[in-house]
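See below for the structure under consideration.
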Amino acid sequence: MKLIFVSGGVISGLGKGITASSIGCLLKARGLSVSSVKIDPYLNIDAGTMNPFEHGEVYVLDDGGEVDLDLGNYERFMDLHLGRDNNITTGKVYKSVIENERRGEYLGKTVQIIPHITNEIKRRVTSVARKSGADVTIVELGGTVGDMESMPFLEAARQLSRDLGREENVLFVHTTLVPIMGSVGEEKSKPTQHSVHELMGMGIHPDIIVGRCSRELSEAAKAKIAMFCDVDEKAVISCPDARSIYEVPLILERQGVADYIVDRMRLGPMTSRRNMKDWELFLDHVLNPTKEIQIALVGKYTALADAYLSQLEALTHAGATRACHVKVKFIDSDELIHIDPAKLLGDVDGILIPGGFGVRGVEGKIAAAQYAREHQVPYLGVCLGFQVATIEIARHVLNLPKADSTEFEPGTPDPVIFIMPEQAGVTEMGGTMRLGAQAVKLKKDSKAAVLYGATDISERHRHRYEVNPAYIDRFEAAGWHFTGISEDSTKMEVGELKDHPYFVASQFHPEFKSRPNRPSPLHQGLVDAALAYHQARAGKH
Ligand code: GLN
């Protein structure tokens with residue numbers, strides 16, 4: 001078993017997750033199998049109940065795990081399918097230890113952070129690494145070295161390096177900040193030195209230091225960091241601000257970080273050849289687009305782009321296949337109630353309504369869907385975006401002005417979106433949702449089937465409410481066709497509007513499985529329709 005621990009120092013938000021993902025991406029390009037674990041030092045059991053406004057999006061895995069958005073980066077950079085166990089939180093660790101204690105499994109011993117909590121951390125990390133069968137497992141230690149919450153995890157990592165053999169089986173990468181004072185000032189290595197000393201105080205000697213800096217680190221700065229932090233000079237890696245997160249693997253590759261790891265962990269020599277051709281091509285399209293379109297993203301957390309991270313990445317992936325830059329115009333859904341939608345949406349080439357919960361902002365989203373339908377603007381609705389499209393069509397095409405979802409208006413006379421009878425009665429938050437990968441059958445020749453190139457697909461879900469089957473005949477007659485349906489044929493999964501260039505919505509979340517060079521088909525459909533719409537408009541002017 002080989003583990004690479006990635007820790008962070010000085011400040012949070014250094015892009016530790018991107019560094020970890022990029023290292024995995026490079027090892028994978030050498031033919032190694034990789035897996036990854038994210039450690040989150042918070043007490044929540046998982047990210048399912050966390051507010052996207054504070055924490056960014058909740059990412060959903062095949063097995064229904066609701067996890068930190070970093071796992072999305074891992075899946076995208078390393079092209080993996082992870083499970084809920086790949087996200088370890090303080091909450092999960094304490095919960096199992098306390099449950100064991102109640103079952104009397106500690107035989108009357110005093111239960112303590114060391115060894116009981118640390119042993120449970122070690123058990124979880126090694127069990128995920130073993131089950132994955134991967135050559136290397138990358139473990140990202142969330143938080144910043146020095147945080148009280150991170151201590152047990154660092155101690156567990158230290159012990160693991162002793163247990164498994166420091167020489168070739170465990171490697172520590174520490175990411176830090178190297179600030180520059182003044183406009184032409186020098187790089188300051190002191191914060192890095194302090195942070196490394198803190199790490200060493202916990203018994204961990206980093207092997208590689210990744211210095212985040214606004215520009216490339218000078219050789220002098222690298223030499224100084226190497227000297228004072230006691231690492232090889234070639235193990236001090238410069239990570240300047242990148243034009244795209246997808247550039248980071250190549251920035252690291254140029255400095256030989258993967259070769260250094262392969263050498264140190266004795267992973268070569270057959271793995272010294274790399275194949276990054278596809279990645280380079282993808283990046284070239286991201287960095288040097290030949291066209292541009294603008295897509296409106298209508299949501300309620302528009303102040304924090306991370307709240308819709310996977311949507312943005314899916315648009316980047318879909319744009320790249322056409323060498324097209326997708327500019328995203330964030331629109332706060334509440335604004336669409338006070339401001340004429342034409343003012344806010346008149347200049348966009350497509351509209352995307354992502355998932356969401358709760359009544360706030362819903363009326364604005366319905367107005368956006370109506371605008372897209374009436375003005376033939378390409379529209380993609382995801383989850384809540386599918387439900388608001390359905391409500392909009394019920395109100396304005398089926399003439400049911402009070403149609404609604406029972407989530408927003410429990411007393412509505414026309415509950416076109418409701419809780420399936422078998423689900424009703426389950427009220428406890430968390431764990432009551434339809435979660436994770438589920439099979440979907442697409443109608444032959446539907447837009448969705450053409451985009452997927454298949455009629456049997458599997459996509460990830462995270463929702464409670466469904467289209468009410470009592471209204472399906474009326475919707476179909478009005479041109480709102482349900483072209484995707486669950487395997488048991490009871491739940492509507494995809495809607496497509498007749499006589500519209502692209503008005504498609506899904507109950508599932510296609511953004512979570514979007515990858516560089518393998519974009520989500522429905523996002524590709526939106527981008528292609530938006531490109532056509534953009535060109536048609538340019539032709540008119
Ligand atoms: N709130 C809706 C539901 O629970 C939609 C959920 C979502 O968009 N993820 O069904």
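The values are calculated or read from the model by the stated rules, or taken from the named source; none is laboratory data. Quick caveat, the model's predicted, so the values are computed rather than measured. Positions of Cβ are backbone-derived with ideal geometry, glycine not excepted, and every protein chain shown enters the neighbour counts. Side chains are part of the model used for accessible areas, which takes the heavy atoms of the whole protein and leaves out ligands, DNA and RNA. Shrake-Rupley method; radii C 1.70, N 1.55, O 1.52, S 1.80 Å.
Looking at the calculated P(r) for region 272-384, what percent of the C-alpha pair distances fall above 21 Å?
Working: 2573 of 6328 pairs.
Looking at region 272-384, the distances longer than 21 Å represent 41 percent of pairs.
To the nearest 10 degrees, how steep is helix 521-540 against the longest Cα principal axis of the chain, on a 0 to 90 scale? Helix 521-540 sits roughly 60 degrees off the main axis of the chain.
Calculated accessible area for region 418-541 comes out at 44 Å² per residue, all protein chains present (probe 1.4 Å; ligands, DNA, RNA ignored). For region 182-223, the alpha-carbon radius of gyration amounts to 1.30 times the rule-of-thumb value 2.2 N^0.38 Å expected for a compact globular protein.
With runs of 4+ DSSP H residues as the only contributors, calculate the mean residue ellipticity of the chain at 222 nm using -39,500 (n - 2.57) per run, divided by the residue total and rounded to the nearest 500. Write down the numbers at each step before the final one.
On the way: 20 runs with 200 residues, N = 541.
The helix-only estimate for the chain comes to -11000 deg cm²/dmol at 222 nm.
Beta carbons within 10 angstrom, averaged per residue: use that to sort the peptides 70-83, 42-55, highest first. Working shown, then result.
Details: 70-83: 22.8, 42-55: 16.4.
In decreasing order of mean packing, 70-83, 42-55 become 70-83, 42-55.
Can you bin region 303-366 into rounded, prolate or oblate? Criterion: square roots of the alpha carbon gyration tensor eigenvalues sorted a ≥ b ≥ c, rounded for a/c under 1.5, prolate for a/b above b/c, oblate for the rest. Note, shape of region 303-366 comes out oblate. With the alpha-carbon atoms of the chain aligned to their principal axes, the span from lowest to highest coordinate is 73, 65, 44 Å, starting with the largest. Using bins of 5 Å that start at zero, the share of Cα-Cα pairs per bin across region 338-453 amounts to 2, 10, 17, 20, 20, 16, 10, 5, 1, in whole %. Can you give me the pair-distance distribution of region 151-228, C-alpha pairs, 5 Å bins, whole percents? Here the calculated profile for region 151-228 is 3, 14, 24, 21, 14, 11, 7, 3, 1, 0. Each principal axis of the Cα cloud of region 471-514 was evaluated for its coordinate range; sorted largest first, these ranges are 32, 29, 11 Å. Which of LYS444/LYS540; LYS38/LYS95; LYS188/LYS329; LYS131/LYS491; LYS95/LYS190; LYS365/LYS513 have a Cα-Cα distance over 27 Å? Over 27 Å Cα-Cα: LYS444/LYS540; LYS188/LYS329; LYS131/LYS491; LYS95/LYS190. Using C-alpha pairs under 8 Å with a sequence gap of at least 6, the mean separation divided by the residue count of region 387-541 gives a relative contact order of 19 percent.
How much of the accessible area of the chain, in percent, comes from carbon and sulfur atoms when a 1.4 Å probe is used?
Details: 11660 of 22190 Å².
Roughly 53 percent, rounded to a whole number.
With contacts taken as Cα pairs under 8 Å and at least 6 residues apart, the chain reaches a relative contact order of 15 percent.
Relative contact order for region 121-242: what percent, with Cα pairs under 8 Å and sequence separation of 6 or more? Kindly include the intermediate steps, with their values, before the conclusion.
Details: 156 pairs, mean separation 24.8, N = 122.
Relative contact order, region 121-242: 20 percent.
Cα centroid separation, region 82-159 to region 448-465: 35 Å.
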